Every structure is written in C-alpha cells, then in structure tokens.
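Asks: Handing you this structure, nothing more for now.
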Amino acid sequence: MEIFSYLEKYDYEQLVFCQDKQSGLKAIIAIHDTTLGPALGGTRMWTYESEEAAIEDALRLARGMTYKNAAAGLNLGGGKTVMIGDPRKDKSEALFRAFGRYIQGLNGRYITAEDVGTTVADMDIIHEETDFVTGISPAFGSSGNPSPVTAYGVYKGMKAAAKAAFGTDSLEGKTIAVQGVGNVAYSLCRHLHEEGANLIVTDINKQAVQRVVTEFGAKAVDPTEIYGVECDIFAPCALGAVINDQTIPQLKAKVIAGSANNQLKDSTHGDLIHEMGIVYAPDYVINAGGVINVADELYGYNADRALKKVELIYDNIETVLAISKRDGIPTYVAADRMAEERIEKVRNARSQFLRNGHDILSRRRS
C-alpha cells in the first residue's frame, strides 16, 4: 500500500501509529479532515488479518466520519482509531492508558469514543489520561446510553422521508417493516407505535422479537421474509449491505429509512432504488443521533439541547432530498454533496483547524 499516495488521493491530513511494547498497544489513528473542527470518531478494537487491513479500515472509517459529522451540522471533522487485538482477551488498563496518552499528545486534533470492540469502561480508562474522549460514564458528565437518542433521530428522519413519498410526515396507519429489533430499533418501534404505525418485525433474537410483539402489537416474520412484505416503509436496523441484487426485487416499500450502517451493498444499488422511485434516507444522515448526542458532551452535556440538535435530522433529510431533486442525483450522492458543500464553504472562510482558544474543547475545559 502506497500510503502517501492514498492520503493525497482522498485528502487525509494525518495517520498516527501508536505502539507501546509493555502494554501490547498497536493502534492506528486516522485523521481525515479538520476543516470544521477537531476530528471525532470512535476506537474500534478488532483482530485484523493484517496491518494493511487495519490501516485501510482506519482510513475508510475516518473519511466516513468526516461526512457524517459534516452532514449532521457538527463543528467537527472526521477521524477514527483501529486498535489491533482481540477485545475478548487483549484489553488492559495499561493498554488504554497508553492509548490515552497518545490521544493527549495530539492536543485536541482528535477526540475518541467507543466503537465496535470497545466499551464505556474502556473510555473511562482513556479519560484517566486525556480529556479528548466522549461516551464516558455518566458520573463523569457523559450522555449515557446513546441508543434512545439514535432511535429518535431515525424516527424524525423517517418522517421527513415519508413526507417526500406520501405528501405527509404522519406515520399513523403506515405499515413499517423493521429489520432487527436491538436497542436502537426497540426505541424506534416505540416511537412508531405511539404514532399509530403498524409494525412488521424480524430478528434472529426471538426474545427481542417477542418483546416488540407483546409491547407494540407488532407482527413477526422470518428474517428471510422481511424484504418482501407489503409495507410502506422498510427500516433496516441490523446488518449492512442489505440493499442488494437479491433484496431489491423483493421490496414493496416506497421508503427506505433505518438505523443500520452501510445499507447499500454498493453504489449501483443506490442508483437502482433511485430509478425505481424509492425514497432512500441515507444511513449516515438519518442515524447521526448518536454522534450528535456524544458531541454535546464537549459543551458540557445537556439532554434537552442534544435532543433539539437531533431533531434537525428531519431538516437534514429534507435538504438531502432537495439536493437530489435539484441535481437529478440519487440521495446517497446528494448526502455526500451536502456534506462536501458545507466543508468547502467553511474551508473557504478559514484555514486548516488550529487551536486558537475559541474552539469547543477550550470551552469544555474552562
């Protein structure tokens, strides 16, 4: 892998290799873009097949966070950490403290949070060494469990997508097929039930399905059947890449809006559902409630203020749909364009991010 060629091609700013022999730390911090502010992105711990695979994952995820944070209207850039190791057996206090010192050494250019393979407890250990971490325990001033807030944002975004498809954002009487009923989707189902929607649900976890059936009157179907059910809205809330060659011909919904990441298997599937007239709410725009919530910690967390910001996901989806219509492009492209336009406007107004005493991190520590 020609690292500098890759960094130049996609406008990355920095790639940091973190090694601590005593603790066994091997981590890679990728900072993609800090035009809007310091780079925010979680720490993923995984057993990568190779060091090159870890580097590629860090770079890919960091770039995705740039777009997600920009589209969410946050004054934050994009970054990500991947930590090479087995989260079931390689964790230790020494490892996360060593990593926290590396973050501190970046002096605010990068802020981390939990991700796949890491937990709130891990973030608490990192917090022993640096203030540049979010998603810590509520005792330290964090926002706590992000799932209900993420679900609320998906709910608001779904309403905006429904308005484009049906002429009204009311979900009363609409049939919504929810794939996966984990923590986020359970809270989403509660919002939908309270508005009077009809729910069809599936999950490999039968207890989770039964909970939603009992509490919200949902109809349960087999996981293989969810794509072809008669419904108005399909809500992918589990695995990625579920919009693909096999599932698209089965879809009867006019709207796709859910919490799962990377819903499109590849860009051609985004093009195809656009040609079919299906309104797609791009995943990183509609599921941004979690990052909006933890970002509020940087101001001194206030739940009411965070929820007000999350409600703007409705407006963000409307903006994406307007750009899609304006430029005649699929919504997944329109989402990227919305993020890029915001970054470019700010880039033209100021130079690359440097701590100047007026950023959110300075206010956080004052």
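Asks: Pick out, from the stretch 1-56, the strands (runs of 3 or more DSSP E) lying fully within it that include 3 or more residues that are touching a residue at least 24 places away in the same chain (Cβ under 8 Å) and touching a helix residue (DSSP H, G or I) at 6+ places or on another chain (Cβ under 6 Å).
Replies: 25-33
Asks: Output the residue which, of all residues in the stretch 86-97 that are in contact (Cβ under 8 Å) with a residue 40 or more places away in the chain and among the hydrophobic types (A, V, I, L, M, F, W, C), is surrounded by the fewest Cβ atoms within 10 Å (Cβ to Cβ).
Replies: So, considering only residues that are in contact (Cβ under 8 Å) with a residue 40 or more places away in the chain and among the hydrophobic types (A, V, I, L, M, F, W, C), the one surrounded by the fewest Cβ atoms within 10 Å (Cβ to Cβ) is ALA94.
Asks: What are the pairs with Cβ atoms under 7 angstrom where one residue, in the stretch 324-345, is over 15 Å from GLY270 (Cα atoms) and the other, located anywhere, is outside any helix (DSSP H, G or I)? Sequence gap at least six, or different chains.
Replies: Sorted first by the residue in the stretch 324-345, then by its partner, the pairs are ILE343/ASP33; ILE343/THR35; ILE343/LEU36.
Asks: Select from the stretch 207-224 the residues that are within 20 Å of GLY173 (Cβ to Cβ) and in a helix (DSSP H, G or I) and list them in ascending order.
Replies: Scanning the stretch 207-224 gives VAL212, VAL213, GLU215, PHE216.
Asks: For VAL116, work out the one condition from (1) crowded, with 17+ Cβ neighbours inside 10 Å; (2) at pLDDT below 95 it doesn't fulfil.
Replies: All conditions pass for VAL116, except number (1).
Asks: Yes or no: TYR227 closer than 19 Å to TYR280 by Cα, not hydrophobic (A, V, I, L, M, F, W, C) and not in a loop (DSSP other than H, G, I, E, B)?
Replies: So TYR227 fits the description; yes.
Asks: Which of the following residues is surrounded by fewer than 18 Cβ atoms within 10 Å (Cβ to Cβ), aromatic (Phe, Trp, Tyr) and at pLDDT 95 or above: PHE140, PHE166?
Replies: Unique residue meeting the criteria: PHE166.
Asks: Among the listed residues ILE126, ILE55, identify the single one that is under 24 Å from LEU15 (Cβ atoms), surrounded by fewer than 22 Cβ atoms within 10 Å (Cβ to Cβ), among the hydrophobic types (A, V, I, L, M, F, W, C) and out of contact with any Ser or Thr (no Cβ under 6 Å at 6 or more places or on another chain).
Replies: Selected residue: ILE55, the only one of ILE126, ILE55 that is under 24 Å from LEU15 (Cβ atoms), surrounded by fewer than 22 Cβ atoms within 10 Å (Cβ to Cβ), among the hydrophobic types (A, V, I, L, M, F, W, C) and out of contact with any Ser or Thr (no Cβ under 6 Å at 6 or more places or on another chain).
Asks: Right, something else. Sort through GLY144, GLY100, GLY105 and tell me the only one that's of a type outside the set (A, V, I, L, M), under 29 Å from GLU49 (Cα atoms) and without any contact (Cβ under 8 Å) to a residue 24 or more places away in the chain.
Replies: GLY105
Asks: I've got another one for you. Looking at GLY79 and the list (1) buried (at least 23 other Cβ atoms within 10 Å of the Cβ); (2) small (Gly, Ala, Ser); (3) out of contact with any strand residue (DSSP E or B) (no Cβ under 7 Å at 6 or more places or on another chain), which single condition is not satisfied?
Replies: (3)
Asks: Considering only residues of the stretch 236-269 that are surrounded by 20 or more Cβ atoms within 10 Å (Cβ to Cβ) and within 17 Å of GLY64 (Cα to Cα), which is farthest from the chain's Cα centre (by Cα)?
Replies: This residue is LEU264.
The values are calculated or read from the model by the stated rules, or taken from the named source; none is laboratory data. Keep in mind the model is a prediction, meaning the values are calculated, not measured. Cβ sites come from the backbone with ideal geometry, for glycine too, and all protein chains shown count toward neighbours.
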